[in-house]
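Below is one structure, written out as structure tokens, with a few remarks after it.
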Amino acid sequence: MNQLLDGQPPAQPRFTEKQGQYLAFIWTYGLLNGRSPAERDMQRFFGVTAPSVHQMVLTLERAGLIRRQPGLARSIELLVEPDSLPRLQPIEPVKSSVQRY
């Protein structure tokens, strides 16, 4: 039954803010490209290292938020309702401490 109609508040997301951004990226990338992102795509978007992305993917999988098929590239499948995802936030570019004239 609809949670709002039965007087219950909507369920809280089962993921952290950072995890939500990765999930939102996976969803958005799939909509735009018709396939799941590679870990390299997430690395470029979030500006983090390959091991950081891989750890996040493993964390999301262990939490039951995504599913992957071993040995198959771009096989990330989202297991949460898209309506529960946060809006994907743009990543601020890292500012260099070197001034340019």
Problem set entry | Around residue 75: net Lys/Arg minus Asp/Glu count, Cβ-Cβ under 12 Å | +1
Problem set entry | Surrounding net charge for residue 56, when Lys and Arg each add one and Asp and Glu each subtract one, Cβ distance under 10 Å | -1
For this session: Could you rank the peptides 67-73, 17-23 by their average count of other C-beta atoms within 10 Å per residue, with the highest value first?
Result: 17-23, 67-73
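Read the figures in this text as sums done on the coordinates, not as results from a lab. The model shown is predicted, which means the values in this text are computed figures rather than measured ones. Here the Cβ is made from the backbone with ideal geometry for all residues, glycine too, and neighbour counts use every protein chain on show.
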